[in-house]
Structures are given as structure tokens and as C-alpha cells.
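Trainee: For reference, the structure I am asking about is given below.
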Amino acid sequence: MDIHEYQAKEILSRFGVPVPRGGLAYSPEQAAYRARELGGSAWVVKAQVHAGGRGAAGGVKLCKSVVEVQAFAASLFGRQLVTKQTDAAGKGVYRLWVEGACDIARELYLGFVLDRKSERIMIVASARGGIEIEDLAEEDPDSLRRMTIDPATGLLEYQARELAFALGLTGGQVAQMVTILKACFAAYQDLDATMVEINPLVITGAGDLVALDAKMSFDTNALYRRPEVAELRDRSQEDPRESTAGDHGLAYVGLTGDIGCIINGAGLAMATMDMIKLAGGEPANFLDIGGGASPERVVRAFRTVLSDPEVQVILVNIFAGINRCDWVAEGVVQAYREVGMTIPVVVRLAGTNVAEGQAILRASGLPLITADTLAEAAERAVAARMKQAA
Ligand code: GDP
Ligand code: MN
């Protein structure tokens with residue numbers, strides 16, 4: 001789960017990372033009020049969306065007057081901000097963060113990620129900040145410093161100092177960097193984060209380190225024990241198809257094809273998507289209905305898949321171990337009638353109670369296309385799609 005920049009700054013600041021003073025605004029008037037409240041003569045107004053690259057996309061602006069703050073805020077609210085990290089639809093802007101402008105001498109990059117290879121939290125840092133890490137990795141990979149943290153010892157002082165020196169920091173900045181690194185690591189561990197990124201981490205004109213931007217992601221499987229993190233969720237930033245499916249216990253990921261998939265088991269879902277591609281088609285989604293899916297859950301799965309207007313064919317592929325084919329078949333028949341299906345549905349059932357399941361499908365009299373193997377199912381789904389397009 002992602003959170004907003006201002007939320008990440010609030011968290012990191014609690015752990016000891018220095019951040020600029022700022023205030024949240026839900027309207028242009030409130031943005032102007034925040035600027036007055038902060039004082040000074042220059043402010044940075046920042047769109048709060050779950051995506052980076054806002055600066056380049058016009059979502060961040062340095063303003064020199066309260067009037068300018070309010071005007072820029074008015075132009076941002078309600079807009080869909082499209083950045084390099086969003087899809088073409090972008091992310092809706094409903095909150096702004098107004099900050100006192102900062103005098104920047106240098107911009108650094110600092111990130112904490114989970115390195116699956118070493119099974120450790122890894123720090124990635126660069127003396128060249130302000131540009132996206134993906135671009136940095138391409139343009140100037142030699143500038144990236146990487147350091148893994150041993151879970152038995154945590155981040156050690158000497159490691160933190162070594163990294164500070166490697167970034168060219170001197171004097172008091174080294175101690176500040178050590179504090180920041182330890183704070184980020186503590187926040188990462190204590191809150192079950194999967195990513196902490198400060199880009200840019202700046203050196204101010206006065207020579208101090210300040211986090212000018214912040215990003216955090218969290219392990220959704222750990223949210224049950226982090227209620228203070230769970231409550232930061234902002235559904236306006238999520239794909240509505242995915243959040244609704246999640247509410248119903250379905251694991252759904254929207255894709256760009258037109259063959260809707262209803263599968264049990266993540267592995268089988270991946271294999272089915274591969275088979276569809278092999279047969280010349282494009283899957284519209286990943287969907288795992290989970291084990292022991294009741295007819296009601298199958299109906300919800302159909303509704304979720306059909307909420308995508310691109311879907312032209314549905315492929316149901318069930319290998320029932322814990323599941324029961326007769327339950328799934330009942331769900332398919334029920335869903336077909338309830339939603340008033342107008343597109344072809346291909347069903348492949350295998351495993352527990354397969355004969356009963358097939359009998360239910362046959363007895364329904366519905367024009368379902370059945371298949372015995374995964375390959376057959378994928379081919380028939382693609383064939384049904386072609387026939388429609390013709
Ligand atoms: P992102 O593009 O979504 O990563 O948003 P950032 O928060 O990183 O802002 C983009 C850029 O705006 C930064 O890299 C800075 O160069 C600039 N910026 C942000 N805050 C300030 C500020 O207080 N003063 C100045 N001069 N520039 C800022
Ligand atoms: Mn940034």
C-alpha cells in the first residue's frame with residue numbers, strides 16, 4: 001500500500017528525519033491560508049498523488065506570492081495528474097501540500113528497498129538526486145551506492161558514516177546523515193514498510209540535510225497489525241476495480257487485454273495468462289478467486305471482471321483441490337443469469353467433483369463453451385474472441 005508524500009514526511013519526521021514545515025489543503029482557499037500561516041515569501045505547492053514524477057508533470061510549483069499559491073492550487077484541484085509513473089488516465093488531485101520553499105545547494109538520492117536476492121533491506125543512495133531512480137540507474141549507474149543491512153545487527157554506525165562519506169558529505173552533515181539513515185531504517189522496520197524513498201534529500205544553502213520529498217510503501221499483509229498505517233489508505237488513488245475486488249476477498253489486477261480471467265490459485269492464473277498469450281490473445285486481468293470459493297464469490301468474480309468494458313470473452317479455469325467444481329459451476333450458472341451475459345464464456349473444470357460440476361453446466365442449457373485442458377480452454381477463448389471481432 002502506498003501513502004502520500006505528506007503522510008510519509010509526518011512518519012519520517014516522527015522517527016527523526018528533518019522535513020520542511022508545511023500544511024495540508026483541500027481547497028485553493030485553504031492552500032492560501034496555509035501559505036499565510038507558514039509565513040515567508042516563497043512556497044512550494046505540491047499535488048498529493050500516489051506517483052512520482054510530479055515535478056516534471058506540472059504538479060509541483062514554486063510560488064512567490066499567496067495569490068500565486070491560490071491560483072496554482074485552483075488549477076490543480078480535481079485534475080487528473082499524468083506523470084511518468086502513472087497510466088494514461090493519471091491520478092486525481094484532491095489534496096495539496098504547501099511548504100515553505102527551501103534554498104537548495106545540492107540534491108541527493110536516498111532509498112531503502114527490500115533486496116530479494118540477499119533477503120535484506122538495502123540502502124540505495126546517490127550524490128545525484130532529484131531525478132527518478134530509474135533514469136539515474138540508466139544515465140549514471142556508477143553514481144549509485146548500495147549497502148545491505150544485516151537483520152541481526154541492524155544498521156551499524158560505521159556503515160552509515162561510510163555511506164555519508166561516499167556521498168561527499170563533510171563535517172556536521174555526516175552526523176545528520178547518520179541520524180537520517182537510522183531513522184529511515186527504524187521507520188522501515190517498525191512499520192513493516194517495503195520502500196522508503198527520499199528524493200531529493202537536499203543540502204540547504206546553510207549546509208543542512210532536509211528531506212524535500214518522501215515516499216513510503218507498506219506490506220499489505222502486515223496492515224492488520226499496523227492500524228496507524230492502514231488508516232492512511234486513500235482509495236481515490238487506487239484502481240477502483242482492484243480495491244472493490246480486494247473488499248470481496250478476490251486478488252485482482254487489471255491488465256490491458258480483452259479476455260477476462262476467473263481462476264483459482266495464483267500460479268494457475270499466471271499459467272492461464274501465459275496460455276492465452278501463446279494462443280494469440282491478450283488477458284484483461286489477473287484474478288485469483290482463492291480456495292473454497294462459494295457460488296456467491298464466483299458471481300462477484302464475474303461482476304468484477306465484467307466491470308472492465310474492454311472484456312469481450314470470459315475464461316473460467318478451475319483446478320479444484322480445496323475448491324469444488326460443483327460450487328464453481330453453480331456460481332457460473334448463477335452469474336450468467338444474474339448479469340444477463342452477452343459475451344462468450346469458456347469454462348474448464350478439473351479436480352474435486354468435476355463430473356457433478358459438468359452436469360450442472362449441461363443441465364443449465366446455457367450456451368457455455370467447455371474445455372477439458374488448459375490449452376484447449378485458452379485456444380477456445382481466443383477463437384471465441386476472433387469470431388466476435390470478425
Ligand atoms: P516528484 O517530481 O514527484 O518527485 O516531486 P518532488 O517533491 O521531488 O519535487 C520535484 C522537484 O521540485 C524537486 O526535485 C526540487 O528540485 C523541486 N522542489 C521541491 N521543493 C522545493 C523547494 O522548496 N524549493 C525549490 N527551489 N525547489 C523545490
Ligand atoms: Mn521526488
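The values are calculated or read from the model by the stated rules, or taken from the named source; none is laboratory data. It should be emphasised that the depicted structure is a prediction, and the values quoted were computed from it without experimental measurement. Virtual Cβ from ideal backbone geometry, glycine too; neighbours counted across all protein chains shown. These area figures cover heavy atoms from the full protein model, side chains too; ligands, DNA and RNA do not enter into them. Shrake-Rupley method; radii C 1.70, N 1.55, O 1.52, S 1.80 Å.
Trainee: Looking at segment 222-238, which of its residues are under 11 Å from the mean Cα position of the chain (by Cα) and either in a helix (DSSP H, G or I) or surrounded by fewer than 16 Cβ atoms within 10 Å (Cβ to Cβ) (or both)?
Mentor: 237
Trainee: Residues of segment 334-352 being under 34 Å from the mean Cα position of the chain (by Cα), part of a helix (DSSP H, G or I) and surrounded by fewer than 23 Cβ atoms within 10 Å (Cβ to Cβ), which ones? Reasoning before the result, please.
Mentor: Step one: of segment 334-352, the residues under 34 Å from the mean Cα position of the chain (by Cα) are 334-336, 338-350.
Among the residues that remain, those that are also part of a helix (DSSP H, G or I) are: 334-336, 338-339.
Correct list: 334, 336, 338, 339.
Trainee: If residue 75 satisfies every condition in (1) over 17 Å from the mean Cα position of the chain (by Cα); (2) assigned to a loop (DSSP other than H, G, I, E, B); (3) away from ligand 1 (no atom under 14 Å from the Cβ); (4) outside the structural domain of residue 184 (by TED's automatic domain parsing) but one, which is the exception?
Mentor: (2)
Trainee: Output the number of residues of segment 268-305 satisfying the condition of being closer than 21 Å to residue 343 by Cβ, at pLDDT 95 or above and surrounded by fewer than 17 Cβ atoms within 10 Å (Cβ to Cβ).
Mentor: Summing the residues that are closer than 21 Å to residue 343 by Cβ, at pLDDT 95 or above and surrounded by fewer than 17 Cβ atoms within 10 Å (Cβ to Cβ) in segment 268-305 gives 3.
Okay, residues lined up against (1) of a type in the set (A, V, I, L, M, F, W, C); (2) at pLDDT 95 or above; (3) touching a strand residue (DSSP E or B) at 6+ places or on another chain (Cβ under 7 Å):
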position: 44; (1), (2), (3): yes, yes, yes
position: 48; (1), (2), (3): no, yes, yes
position: 59; (1), (2), (3): no, yes, yes
position: 66; (1), (2), (3): yes, yes, no
position: 74; (1), (2), (3): yes, yes, no
position: 80; (1), (2), (3): no, yes, yes
position: 86; (1), (2), (3): no, no, no
position: 99; (1), (2), (3): no, yes, yes
position: 113; (1), (2), (3): yes, yes, yes
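Trainee: Which of (1) closer than 22 Å to residue 205 by Cα; (2) more than 27 Å from the chain's Cα centre (by Cα); (3) open to solvent by 20 Å² or more (accessible area, probe 1.4 Å) does residue 107 not meet, given it meets every other one?
Mentor: Here residue 107 meets the rest and fails (2).
Trainee: Look through 67, 98 and report the one residue that is surrounded by fewer than 16 Cβ atoms within 10 Å (Cβ to Cβ), away from ligand 2 (no atom under 16 Å from the Cβ) and more than 21 Å from residue 242 (Cβ to Cβ).
Mentor: Details: 98 fails: surrounded by fewer than 16 Cβ atoms within 10 Å (Cβ to Cβ).
Just one listed residue meets the conditions, 67.
Trainee: Hey, can you tell me all the residues within segment 353-389 that are surrounded by 14 or more Cβ atoms within 10 Å (Cβ to Cβ) and assigned to a loop (DSSP other than H, G, I, E, B)?
Mentor: Selection gives 353, 366, 368.
Trainee: Out of the residues in segment 49-59 that are crowded, with 19+ Cβ neighbours inside 10 Å and under 18 Å from residue 101 (Cβ atoms), which is farthest from ligand 2 (Cβ to nearest atom)?
Mentor: Checked segment 49-59; the qualifying residue farthest from ligand 2 (Cβ to nearest atom) is 59.
Trainee: Show the residue pairs that are 6+ apart or on different chains and have beta-carbon atoms under 7 Å apart, the first residue being within segment 214-228 and in contact (Cβ under 8 Å) with a residue 24 or more places away in the chain, the second being within 16 Å of ligand 1 (Cβ to nearest atom) and among the small types (Gly, Ala, Ser).
Mentor: Within 7 Å, the pairs are 214/8; 215/8; 215/52; 216/8.
Trainee: Another one. Just one of (1) more than 16 Å from ligand 1 (Cβ to nearest atom); (2) surrounded by fewer than 21 Cβ atoms within 10 Å (Cβ to Cβ); (3) of a type in the set (A, V, I, L, M); (4) over 25 Å from residue 7 (Cβ atoms) trips up residue 206, so point out which.
Mentor: For residue 206, the exception is condition (1).
One line per residue, one yes/no per condition, for (1) farther than 25 Å from residue 188 by Cβ; (2) basic (Lys, Arg); (3) within 16 Å of ligand 2 (Cβ to nearest atom):
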residue: 210; (1), (2), (3): no, no, yes
residue: 227; (1), (2), (3): no, no, no
residue: 231; (1), (2), (3): no, no, no
residue: 239; (1), (2), (3): yes, no, no
residue: 242; (1), (2), (3): no, no, no
residue: 252; (1), (2), (3): yes, no, no
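Trainee: State all residues of segment 1-48 that are within 16 Å of ligand 2 (Cβ to nearest atom), free of Cβ contacts under 8 Å to residues at least 60 places away in the same chain and open to solvent by 20 Å² or more (accessible area, probe 1.4 Å); if no residue qualifies, say none.
Mentor: 44
Trainee: Which members of segment 1-53 meet the condition of being farther than 23 Å from residue 191 by Cα, part of a helix (DSSP H, G or I) and not aliphatic (A, V, I, L, M)?
Mentor: 28, 29, 30, 33, 34, 36, 37
Trainee: Is it the case that residue 123 is assigned by TED's automatic domain parsing to the domain that holds residue 201, of a type in the set (Val, Ile, Thr) and within 13 Å of ligand 2 (Cβ to nearest atom)?
Mentor: On the way: assigned by TED's automatic domain parsing to the domain that holds residue 201: yes; of a type in the set (Val, Ile, Thr): yes; within 13 Å of ligand 2 (Cβ to nearest atom): no.
So residue 123 does not fit the description; no.
Trainee: Counting just the residues of segment 212-221 that are open to solvent by 10 Å² or more (accessible area, probe 1.4 Å) and over 29 Å from residue 171 (Cβ atoms), which one comes out nearest to ligand 2 (Cβ to nearest atom)?
Mentor: From segment 212-221, those open to solvent by 10 Å² or more (accessible area, probe 1.4 Å) are 212-213, 215, 217, 219-221; that's our starting set.
With over 29 Å from residue 171 (Cβ atoms) added as a condition, the list becomes 217, 219-221.
Details: 217: 14, 219: 22, 220: 23, 221: 27 Å.
Filtering segment 212-221 for residues that are open to solvent by 10 Å² or more (accessible area, probe 1.4 Å) and over 29 Å from residue 171 (Cβ atoms), the one nearest to ligand 2 (Cβ to nearest atom) comes out as 217.
Trainee: Residues in segment 352-359: is at least one out of contact with any His (no Cβ under 6 Å at 6 or more places or on another chain) and either in contact (Cβ under 8 Å) with a residue 40 or more places away in the chain or of a type in the set (Phe, Trp, Tyr) (or both)?
Mentor: For segment 352-359, residues out of contact with any His (no Cβ under 6 Å at 6 or more places or on another chain) and either in contact (Cβ under 8 Å) with a residue 40 or more places away in the chain or of a type in the set (Phe, Trp, Tyr) (or both): absent.
Trainee: Now for a different question. So which residues in segment 153-180 are touching a strand residue (DSSP E or B) at 6+ places or on another chain (Cβ under 7 Å) and closer than 22 Å to residue 11 by Cβ, if there are any at all?
Mentor: 155, 163, 176, 177, 180
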